[in-house]
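Read through the structure below, which is laid out as C-alpha cells, and then see the notes.
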Amino acid sequence: MKLNNKSNRIQVGILMSPALLIFAIFTIIPIIRLFFMSFHEWNLSSMFEQSFIGIKNYKVVFKDNFFWTSFTNTIVYAIVTVPLQMLLGLIVAILIDGIKKMSVTFRILNYLPVITSWVIASLVFKYIFNTEGLLNYFISNILNIGNNNIHWLDNRWSGLWVIMFLGTWKGIGWNMVVFFAALQQVPKELYEASSLDGCKTIRTFFSITLPSIKPTILFAWVMLTIGAFNVYTSVKLMTNGAPAHKTETLLTWMYYKAFSTGEFGYSAALSFVMAFSLALIAVFQFKIISKKEN
Amino acid sequence: MIRSKKSLFIRYFFLILFSVVALFPMIYMISTSLKPNGALYEFPPKFFPNLDEITLNNYRYILGESRFIKNFLNSIYVSSLSVFIAAITSTALAFVLGQFKNRFTNMVFALLIVTMVIPGTTLIVPQFELAVWMNLINKLTALIPFYTVWVIPFSTFMIKGFMESIPKDIIDSAEIDGASIFKVFVNIAVPLASPGIASVTIFNFLSSWEEFPWANTVINDSNIRTLPIAITGFFGQHQFTQWGYVFALSMLSLLPILIIFISFQKFFISGLVAGGVKG
C-alpha cells in the first residue's frame, strides 16, 4: 500500500494517532519532565517553584551511601538471579525435551510461579521466612541444626538472599518455556549425526545444543537483566528496605526518596543514573552478541 | 534417540523435584487459607492443617465483606478496560508500522522499543505529578491510561510481526478492488492478526491484574482499591497480620488468572509470546 494521496495519508494518521497520543502524554512527556526536573531544586517545599541547580542532584546521588548500597544490591540481584534462573530454566527445558509422557503437565506446573503475582508470591515467601515461620521450624525442630531464631528478613544479606530466591523461583518457568521453544527448533539431524559419530551426551550438549540456542540465551539474558533492574514489589513487601535501608534496591530507594522524604529532584537524578547504567549494560551485552556472531 | 530406562527415570525424578519446588509455596498458601485464623501463630507451624480443623471461615469472611467484592469488581473493570483500549490502539498502530515503512514509522517504532528498556517505575514521580494535574488521585480512572500505555510498546511490537506476515497479494488485490485503508485494516489485517492480538491481550490482562506500585501510589480509599492493594492492605491494620485472610483473598484473586491460564495454556507454554510476562 502507498501513501500517494491525501485520503490515504489521513486514514493512516487516524489509525496511528490514538496509540501515539496516549504514548506521548503518559510516557514521553513524563520522561522529558523527569529529565528536566533532575536539574532542578525540586522537593515538597518547592513543589511549584523550582530553580535550576545544574548537576547538583546528580552530585548528591553519587555522594549518597544509601544510593551505593541500593546500587550494589541491584547489581548483585542481577548477577545472581539472571544466570541462575537461566541455568535452572534450561535444565528443566532439557529434562522435558527428553520425555514423551506428561510434557505438557510438567510445563504447566513449572510455569505456575510465573503467573502468580509478585504481591502474592512475596507474601507467601515472607510468611515462610518469618522468624516464627515454617523454615525456622524446619531447621531447628525437624533437622535440629540450629536455633529457631534466624531473622531471615532482618539482615542485609539473608534478606537479599530471600529476595533473590524468590526472583529465581519465579523466573525459572519463563526461562523453561523460552528455552523449550528454542530446543524444539534445533534440527534433529544434528543430533542423529552426532550420535552416529559416537558423541557423549555432554559433548553433544556443548557442541550442538548450546550453539543452536545461543540467540535465545542472549535474548533471555538481555530481557532478564532489564527485569532484574525492575525489582521492586518483592523488596517493598518482604523487607521494605529494612534494616536501615540496607536491603533497598534502586527502585525502592528512588520511591522512598520521592514519596517518603519528598526529594523529587534526587529521585529524578537517580532515575536517570539508573536508566543510563541499564543502557550501558545493554550496549555491553549487544557488543558481546555481535562479537560472538562474527 | 534411544533413551535408557535409567535416564528416563532420572529425568522424571528431577522434573518432579522441580515441580514440587514450584508448587510448594502455593500449596502452603492454600493450606494456610484453610486453617482457622487463630491457629496461625500456633507452635509448631504445620504444613497441612489437621483434617478436623479445616475451615472455610476465612473465605466466608472475605466474601461477606462488601469492600472485597468491590475490590474484585474494580480489578475486573480496570484490567478489562485498559487491555481493551490497548488492543485497539496498538493493533491500529502496529498495522501502520508493519505496512507503511518510511523514515517516520521506523523512528516511531525505534522510540517504542527504547522505552521498553526503561523500568516503568522510574517514571512514577512525573506520572504522579501528571495524575495530580489531571485530578485523578484516588480515582479508579487514574489506573487506566497508565496501564494502557505500559503495554502499548510490547503489544505493538508483537502485533507488528503478525501485520508484516500478511501476504502482499491479499492486500494488493483488495486495493485493486478499491478498498480503502480502513477497509483493508478492518476486513483483512485484524482477522489475520487476531491470534497475535488475542495472546498479547491475555498477557496484558495478567500484568494489569497484578500491578502493584502505581495503584499503591495513587489509590488510598479501601473501596477504590484493586485486589493487589486490598491484599497488602491487611498489613499494619492490626497488631498481628491475619494471614488466613491474606491468603484467602490471595487465592480468590489468583482464581481468574488460573482459569485464564488453564483455558489458554498453549499461549503460555508454547513460548510464542513469552516476553509478555517479564517486568
Among helices (runs of 4 or more DSSP H) completely within segment A:186-247, the ones holding 1 or more residues that are within 13 Å of another protein chain (Cβ to nearest Cβ) and surrounded by fewer than 13 Cβ atoms within 10 Å (Cβ to Cβ) are A:188-196, A:201-204
A careful count of residues in segment B:37-59 that are exposed (fewer than 11 other Cβ atoms within 10 Å of the Cβ) and either under 30 Å from the mean Cα position of the chain (by Cα) or modelled with pLDDT of 90 or more (or both) gives 0
Taking segment A:234-264 and the residues there that are β-branched (V, I, T) and closer than 28 Å to A:F39 by Cβ, the one that is nearest to the chain's Cα centre (by Cα) would be A:T249
**Prompt:** If you go through segment B:155-166 one residue at a time, do you hit one that is within 17 Å of A:I22 (Cβ to Cβ) and within 10 Å of chain A (Cβ to nearest Cβ)?
**Reply:** yes
I'd like to check something: does segment A:118-139 contain any residue that is of a type in the set (V, I, T), at the interface with chain B (Cβ under 9 Å from one of its Cβ atoms) and part of a loop (DSSP other than H, G, I, E, B)? no
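Looking only at segment A:49-108, how many residues end up being of a type in the set (G, A, S) and more than 14 Å from every other protein chain (Cβ to nearest Cβ)?
We begin by selecting, within segment A:49-108, every residue of a type in the set (G, A, S); these are A:51, A:54, A:70, A:78, A:89, A:93, A:98, A:103.
Next, from what is left, pick out any that are more than 14 Å from every other protein chain (Cβ to nearest Cβ): A:51, A:54.
Total satisfying the criteria: 2.
Residues are listed down the side, and each one gets a yes or a no for (1) under 24 Å from the mean Cα position of the chain (by Cα); (2) crowded, with 22+ Cβ neighbours inside 10 Å; (3) more than 10 Å from every other protein chain (Cβ to nearest Cβ):
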| position | (1), (2), (3) |
| --- | --- |
| B:T89 | yes, yes, no |
| B:A94 | yes, yes, no |
| B:F104 | no, no, no |
| B:L112 | yes, yes, no |
| B:L123 | yes, yes, no |
| B:F128 | yes, no, no |
| B:A131 | yes, yes, no |
From the option list B:F104, B:F157, B:F95, B:F128, single residue qualifying as within 22 Å of B:G196 (Cα to Cα), of a type outside the set (K, R) and at pLDDT below 95 is B:F157
When segment A:153-165 is checked residue by residue, the ones that are more than 14 Å from A:N130 (Cβ to Cβ) and among the aliphatic types (A, V, I, L, M) are A:L160, A:I163, A:M164
A careful count of residues in segment A:270-292 that are under 17 Å from the mean Cα position of the chain (by Cα), surrounded by 12 or more Cβ atoms within 10 Å (Cβ to Cβ) and under 18 Å from A:M223 (Cβ atoms) gives 8
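In segment B:52-166, which helices (runs of 4 or more DSSP H) lie fully inside it and hold 1 or more residues that are touching a Cys at 6+ places or on another chain (Cβ under 6 Å) and of a type in the set (S, T, N, Q)?
Details: elements: B:57-64, B:66-99, B:103-117, B:124-133, B:143-164.
Helices (runs of 4 or more DSSP H) meeting the threshold: none at all.
A quick yes/no check of all residues on (1) buried (at least 21 other Cβ atoms within 10 Å of the Cβ); (2) of a type in the set (D, E, K, R):
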site: A:S122; (1), (2): yes, no
site: A:F125; (1), (2): yes, no
site: A:N136; (1), (2): yes, no
site: A:R156; (1), (2): no, yes
site: A:G167; (1), (2): yes, no
site: A:K170; (1), (2): yes, yes
From the option list A:S271, A:S277, single residue qualifying as facing chain B (nearest Cβ under 7 Å), of a type in the set (S, T, N, Q) and assigned to a helix (DSSP H, G or I) is A:S271
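For segment A:250-267, name all the residues that are of a type outside the set (F, W, Y) and either touching a strand residue (DSSP E or B) at 6+ places or on another chain (Cβ under 8 Å) or more than 8 Å from chain B (Cβ to nearest Cβ) (or both).
Filtering segment A:250-267 for residues of a type outside the set (F, W, Y) gives A:250-252, A:254, A:257-258, A:260-263, A:265, A:267.
Within segment A:250-267, A:L250, A:T252, A:K257, A:S260, A:T261, A:G262, A:E263, A:G265 meet the criteria.
Which residues, counting only those in segment A:138-154, are loosely packed, with under 15 Cβ neighbours inside 10 Å, among the polar types (S, T, N, Q) and in contact with a Ser or Thr (Cβ under 6 Å, 6 or more places away or on another chain)?
A:N147
Specify which of the listed residues (B:S33, B:S75, B:S82) is in contact with a Phe, Trp or Tyr (Cβ under 7 Å, 6 or more places away or on another chain), more than 30 Å from A:F259 (Cα to Cα), within 12 Å of chain A (Cβ to nearest Cβ) and not β-branched (V, I, T). Explain how you work it out, then say what you get.
Numbers: B:S75 fails: more than 30 Å from A:F259 (Cα to Cα); B:S82 fails: more than 30 Å from A:F259 (Cα to Cα).
Of the residues listed, the single one that is in contact with a Phe, Trp or Tyr (Cβ under 7 Å, 6 or more places away or on another chain), more than 30 Å from A:F259 (Cα to Cα), within 12 Å of chain A (Cβ to nearest Cβ) and not β-branched (V, I, T) is B:S33.
The values are calculated or read from the model by the stated rules, or taken from the named source; none is laboratory data. For clarity, every value in this text was computed on a predicted model and none was experimentally measured. So basically every Cβ, Gly included, is an ideal-geometry build from the backbone, and we count neighbours across all protein chains shown.
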